[in-house]
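Visitor: Can you read through this structure? Questions will come right after.
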Amino acid sequence: MNFDLGEWCALSCAVLWAWATISFRIAGATLSPFHLNLFKNLSLFTLMIPIAWLVEGWGWNDISSQDQFDLLLSGFIGICIADFLYFAALNRLGAGLNSILACLYSPFVILFSFIFLQEQLTTAQTIGAAVIIIGTFLASFPAKGSERPKELLTGLALGVAAMITMAWGIVLAIPVLKADSLFWAIELRLLGGIGVALLLLLLPGKAKGLARAFRQKNLPWKTLLSGTMIAAFAALILWMKGFQLLADKPSIAAVLNQTSTFFTLGLAALFLRERLTLGKLVGAALAFGGVCWIAVN
């Protein structure tokens, strides 16, 4: 494969998302999934405004009312709910296993595209989805002598639910994502992700709880800010740019994005001291192989 700018954008996105995942895992030790999710999405929403304005002008009004509603709903399901579940699973499973579980995203996108967009489900996609599920299943078994996560089953259930809602949310958005208003469409999804969460702060005690959470003396601010405002934000920009530059071969972008699984496994072992078991490595290889199979076919 010749690596041009599009390929480098997709690969860099994978590295940065792995960095963001490790940062969220560290921050999750002191912040609840609700607080962490709200901080991340609100930060991304704020940072994206000047970028969207510079690239597309004030394009918010160019999106029809129905499309705006669909994007807000997509953000509520695929960002507000999905990210909350993702962070809850991350706290229980660790960064490595959770990154392997994220490979289930592709099969669920295929399934919901078949249900809602009437896309044809091919034999190759079915085989790839089965391989991903088998790989995830193998990775979830702790090795002999290794410590089993205390809430393994709960974490797996939360992780699967996160991938279901994330895939459902993006499939809802696909028909209304347009190249000339892509950044503002993403802004609307982010708004859908933070809108309900902000409304919840009006409930008794919620705002005070948020203030207490971010006044904690042991809060890893450097890790949280770098993971959100550098890694996650840059990964989002590179993800969009990679798919834009590789519009004629999106499968390459998708496969390079999914290499974040391996980068996360390595960083988790290095910084979080998570054990790299044979089951994790085999499971990750199988899951990634399934993604590659789907992309190529």
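Visitor: Ordered by residue, what ³J(HN,Hα) values in Hz, to whole numbers, does region 79-91 give under the Karplus form 6.51 cos²θ - 1.76 cosθ + 1.60, where θ = phi - 60° and Gly and Pro are x?
Guide: 10, 4, 6, 4, 5, 4, 5, 4, 5, 5, 5, 4, 5
Visitor: Please state the equivalent ellipsoid semi-axes for region 114-207: what are the square roots of 5 times the Cα gyration tensor eigenvalues, largest first, in whole Å?
Guide: Output for region 114-207: semi-axes of 31, 27, 10 Å.
Visitor: Compute the relative contact order of region 74-221 as a whole-number percentage, counting only Cα pairs closer than 8 Å that sit 6 or more residues apart in sequence.
Guide: 47 percent
Visitor: Greater than 20 Å separation of Cα atoms is the criterion. Which listed pairs, LYS150/LYS222; LYS150/LYS280; LYS150/LYS208; LYS178/LYS241, meet it?
Guide: Check vs 20 Å cut-off fails for LYS150/LYS222; LYS150/LYS208.
Visitor: Let me ask something additional. Considering only ALA157, ILE63, GLY209, whose Cα is most displaced toward the positive end of the charge dipole of the chain, charges sitting on Cβ of Lys, Arg (+1) and Asp, Glu (-1)?
Guide: Ranked along the dipole, the leading option is GLY209.
Visitor: Over the chain, with a Gaussian network built from C-alpha contacts below 10 Å, which listed residue (LEU121, LEU202, LEU44) shows the highest mean-square fluctuation?
Guide: LEU202
Visitor: Let me have the relative contact order for the chain, percent, based on Cα pairs under 8 Å that are six or more residues apart.
Guide: The value is 43 percent.
Visitor: Return the single residue from PRO107, PRO204, PRO33 with maximal mean-square fluctuation; model: Gaussian network over the chain, springs between Cα atoms under 10 Å.
Guide: Highest fluctuation of the listed residues: PRO204.
Visitor: While we're on this one: Which residue, ALA287, ILE230, LEU270, has the largest displacement toward the positive end of the dipole of the chain when charges sit on each Cβ (Lys, Arg +1; Asp, Glu -1)?
Guide: LEU270
Visitor: Here's another thing I want to ask about it. Report the per residue volume, in Å³, of the convex hull enclosing the C-alpha atoms of the chain.
Guide: With only Cα atoms used, the chain gives 138 Å³ per residue.
Visitor: Next up: For the chain, modelled as a Gaussian network with Cα springs under 10 Å, which listed residue fluctuates most, SER43, SER74, SER99?
Guide: Maximum fluctuation in the GNM of the chain, among the listed residues, is at SER43.
Visitor: Here's another thing I want to ask about it. Quick check for me: using +1 on Lys/Arg Cβ and -1 on Asp/Glu Cβ, what's the dipole size of the chain about its Cα centre, in debye to the nearest 20?
Guide: 1460 debye
Visitor: Within the chain, what's the longest run with no chymotrypsin sites (Phe, Trp or Tyr not before Pro) in a DSSP loop and at most 15 other beta-carbon atoms within 10 Å? Give the range, please.
Guide: Value returned for the longest uninterrupted segment is 59-213.
Visitor: Measuring from centroid to centroid over Cα atoms, what is the spacing of region 193-261 and region 123-141 in Å?
Guide: Rounded to whole Å, the Cα centres lie 27 Å apart.
Visitor: Taking the Cα centroid of region 87-109 and of region 16-79, what is the distance between the two, rounded to the nearest whole Å?
Guide: 19 Å
We did not get these values from a lab; they are worked out from the coordinates using the rules stated. What you are looking at is a predicted structure, and each value in this text was computed from that prediction instead of being measured. Backbone-built Cβ (ideal geometry, glycine too); neighbour counts: all protein chains shown.
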